[in-house]
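Okay, so here's the structure we're looking at.
Any read-out appearing in this document is the output of simple, stated calculations on the displayed coordinates, not a laboratory observation. Since the model is a prediction, treat every value here as computed from it, not as a measurement. All Cβ positions, even for glycine, are placed from backbone atoms using ideal geometry, and neighbour counts span all protein chains on display.
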Amino acid sequence: MVNIMIQWMLVGLLNVAHPFFMSVIDINHNQKEATLEISIRVFSDDLEKTLQQFSKQKIDILDPAKKELIEKHLQAYVSQRLKLNVNGKPVSFHILGYERQMESTWCYFEVENQSVINTVAVDCSLLYDYETNQVNIVHMKTKGVQKTYKLDYPKRETVFRF
C-alpha cells in the first residue's frame, strides 16, 4: 500500500510536465463476496482523449450530467482493452462507477461468481491506442498474497498463479 502511495505521490509531483503515461490496475479477489474487484487509476486527461478517440464524441469526465454516458463508454472501452481469464475461462465485468481525484480518475468494475482463484491471465492494452509510451502496472491479490507485473507497450499479457 505504501508503495502505491509513493508511486502516485511521484506521479503528482511530475504531473506538471506529464513526461510519462501510466495506469495502475488493482484486481482484488473478495473471497467473502465471491467477486473480483477491479479498480483502474489513470491520468484524467489521457482517459478523456482516449475515450474521445474511441467513441468519436466529446468527453468531459467532470460533467455530472454525462456520467451515465461516460460509464457506458468506459464499459465498452475497458471491456475491449482489458481481458481476464480466471482459472482458464474468460470472464466479463461490469462497471460500478468512476470518480476523479486530482489529476487522475479511478474506474471501478466487478466480476461476479468467483469463489476460487488459482490463475488469472491478463491481456491489457489500456491506452495503448492513445500513447505508445503507456505503462500499465497490474496488481493482483488473492488469498492474502499480492503480485505485481508491469506491462510496457507493446507487451500486454501476463499470468498470475496462486
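Excluding residues fewer than 8 places away in the same chain, name every one of the lysines whose C-alpha is closer than 22 Å to that of Lys49.
Within reach: Lys58, Lys66, Lys67, Lys72, Lys83, Lys155.
Once you have the Cα-Cα distance between Gln31 and Gln53, take 0.36 nm times their residue separation minus that, and quote the gain in nm to one decimal. Spell out each step's value before the answer.
Numbers: separation 22, 0.36 × 22 = 7.92 nm, distance 3.69 nm.
That works out to 4.2 nm of additional length.
Is the chain best put as rounded, prolate or oblate by its Cα gyration tensor, with a ≥ b ≥ c the root eigenvalues, rounded for a/c under 1.5, and otherwise prolate when a/b is larger than b/c, oblate when not?
prolate
Could you pull out every whole DSSP H run in the chain that spans at least 15 Å of Cα extent along its own axis and averages 0.0 or higher on the Kyte-Doolittle scale? Before the final figure, lay out the partial values.
Numbers: long enough: 2-14 (18 Å, 1.87); 44-55 (16 Å, -1.11); 67-81 (21 Å, -0.90).
Qualifying helices, which must be both long enough and hydrophobic enough, are 2-14.
Under a GNM of the chain (C-alpha, springs under 10 Å), which listed residue has the highest mean-square fluctuation: Ala76, Ala65, Ala34?
In the Gaussian network model the winner is Ala65.
With +1 on each Lys and Arg Cβ and -1 on each Asp and Glu Cβ, how big is the dipole of the chain about its Cα centre, in debye rounded to the nearest 20?
460
Would you work out the charge dipole size for the stretch 100-162 about its Cα centre, treating the Cβ of every Lys and Arg as +1 and the Cβ of every Asp and Glu as -1, and quote it to the nearest 20 debye?
The dipole magnitude comes to about 380 debye.
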